[in-house]
1. Can you name the residue in the range 256-286 that is small (Gly, Ala, Ser) and assigned to a strand (DSSP E or B) and, of all such residues, is farthest from the ligand (Cβ to nearest atom)?
2. Looking at (1) within 16 Å of the ligand (Cβ to nearest atom); (2) in contact with a strand residue (DSSP E or B) (Cβ under 6 Å, 6 or more places away or on another chain), which is the one condition that is false for Val104?
3. With respect to Ala236, determine if the residue is in contact (Cβ under 8 Å) with a residue 40 or more places away in the chain, of a type outside the set (S, T, N, Q), more than 14 Å from the ligand (Cβ to nearest atom) and under 26 Å from Val147 (Cα atoms).
4. Working carefully through the options Met158, Met111, find the one that is at pLDDT 95 or above, within 20 Å of the chain's Cα centre (by Cα) and either of a type in the set (A, V, I, L, M, F, W, C) or surrounded by fewer than 18 Cβ atoms within 10 Å (Cβ to Cβ) (or both).
5. Within the range 295-315, can you find the residues that are closer than 22 Å to Val354 by Cβ and in a helix (DSSP H, G or I)?
6. Please list, ordered by first then second residue, the pairs with beta carbon atoms under 7 Å, 6 or more apart or interchain, first in the range 131-150 and farther than 11 Å from Met111 by Cβ, second crowded, with 16+ Cβ neighbours inside 10 Å and of a type in the set (Asp, Glu).
7. In the list Asp190, Asp185, which residue meets the criterion of being over 28 Å from Arg81 (Cβ atoms), at pLDDT 90 or above and either within 16 Å of the ligand (Cβ to nearest atom) or surrounded by 10 or more Cβ atoms within 10 Å (Cβ to Cβ) (or both)?
Amino acid sequence: MQSIPRRSFLAGVPAAALLAGVARAQPTGAAPRFAGVKHEGDAHKGPVCVASLNGLRATARAMELMKQGYDPADCIVQGVRIIEDDPEDTSVGYGGLPNEDGVVELDASVMHGPTHKCGSVAGIRNIKNPAMVALLVLRRTDHCLLVAEGALKFAKQMGFTEENLLTERARLEWQKWRENMSKDDDRLNDDERDAPSGKVWEEPRHAALDDFRKAPVQHLTGTVHCSILDTSNNIASCTSTSGLSWKIPGRVGDSPIIGAGNYCDNEVGAGGSTGRGEANLQNLSARMIVEFMARGMTPTQACLESAQRVVDHTKEKRLRGPDGRVNFDLKFYALNRDGAFGAATLFPGGKFAVCDEKGPREVPAASVYDKPPLNP
Ligand code: ASP
């Protein structure tokens with residue numbers, strides 16, 4: 001394992017934690033590494049809703065429903081529903097990017113602080129609001145997680161209707177990825193096709209997507225995470241996603257796995273994550289965020305500590321860049337039972353969504369590294 005000396009870190013946000021490179025996992029009982037880091041959310045008190053940046057509208061809706069007296073789980077699930085319904089968000093619900101077969105498979109989880117119950121669905125197809133199904137797993141069953149056909153069957157029994165979740169934009173993005181995947185297969189890559197001898201007939205519905213189709217092929221990630229502390233000091237948290245684009249069919253990420261991409265404890269707070277799910281599955285990051293808050297860390301410090309654990313535990317060479325830093329991104333979000341909130345990313349420049357008495361807004365997150373990735 002390559003070892004790069006640690007640097008000290010600055011207090012303040014967006015102060016990077018400046019712990020670069022491959023560090024050893026901190027032994028239990030060692031002094032907290034991020035004790036000096038401060039964030040504007042540290043001093044906040046009372047009801048608050050926190051989300052990934054794409055969940056700004058979710059936070060506003062959740063707070064609105066909170067004022068109408070809804071259960072905290074309903075507040076955030078209805079907030080997340082807005083993002084799931086939005087075809088422009090290609091990382092969640094309807095319009096989510098598909099698996100390698102071109103089929104959209106969704107994951108979601110909900111955790112309810114007052115009962116300490118959870119419900120999840122994984123690999124569910126044809127249902128655009130998996131968070132709502134996850135909430136019904138929580139409320140109407142003795143189980144925690146339903147997958148694939150079983151999850152779909154349950155959703156239909158609960159009155160959900162099946163629909164095609166693959167939008168034209170997502171299908172074209174998938175087609176571009178599939179065609180450019182390999183020169184050894186029978187699909188021609190962009191640079192293997194001869195130029196046409198005239199204009200190519202284009203369906204009007206595709207013309208609008210021209211710019212987007214010219215962009216380079218990439219593996220895309222994205223998810224919505226949302227948590228709330230309500231006026232009765234109750235907490236709930238939710239994560240919903242279409243997972244990694246072009247994933248192997250049946251792949252389940254961290255979002256529906258309680259403790260990995262989502263966790264809450266009514267006595268402590270909530271933690272959640274978006275980004276490379278495999279890293280959170282290997283580190284149970286959301287559970288660790290809540291554990292770190294229980295040990296006295298602020299939400300921002302807890303998110304940083306969880307992020308640093310992922311960095312420390314990333315041993316595979318393929319997941320490290322030439323500079324020794326990890327080559328993927330993760331974002332962590334947290335709130336505590338007093339209403340303090342925070343977030344951390346691996347690389348600087350990240351923001352997250354917060355809604356409180358001042359309304360919905362974007363807030364800068366702390367970061368483990370102080371410099372952006374080499375090849376963003
Ligand atoms: N965490 C999600 C997953 O691994 C993806 C993401 O947030 O981008 O399924």
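1. This residue is Gly269.
2. Unmet for Val104, out of (1) within 16 Å of the ligand (Cβ to nearest atom); (2) in contact with a strand residue (DSSP E or B) (Cβ under 6 Å, 6 or more places away or on another chain): (2).
3. yes
4. Details: Met158 fails: within 20 Å of the chain's Cα centre (by Cα).
Result of the check over Met158, Met111: Met111.
5. Residues satisfying the conditions are Pro299, Thr300, Gln301, Ala302, Cys303, Leu304, Glu305, Ser306, Ala307.
6. Once the first residue is farther than 11 Å from Met111 by Cβ and sits in the range 131-150, its partners that are crowded, with 16+ Cβ neighbours inside 10 Å and of a type in the set (Asp, Glu) give Ala131/Glu84.
7. Details: Asp190 fails: at pLDDT 90 or above.
Being over 28 Å from Arg81 (Cβ atoms), at pLDDT 90 or above and either within 16 Å of the ligand (Cβ to nearest atom) or surrounded by 10 or more Cβ atoms within 10 Å (Cβ to Cβ) (or both) holds for just one of Asp190, Asp185, which is Asp185.
Matching residues to (1) outside any loop (DSSP other than H, G, I, E, B); (2) in contact with a Gly (Cβ under 9 Å, 6 or more places away or on another chain); (3) of a type in the set (Asp, Glu):
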position	(1), (2), (3)
Arg57	yes, yes, no
Glu64	yes, yes, yes
Ala73	yes, yes, no
Gly96	no, yes, no
Ser109	yes, yes, no
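The values are calculated or read from the model by the stated rules, or taken from the named source; none is laboratory data. Just so we're clear, the structure is a prediction, and the values are computed from it rather than from any experiment. Virtual Cβ from ideal backbone geometry, glycine too; neighbours counted across all protein chains shown.
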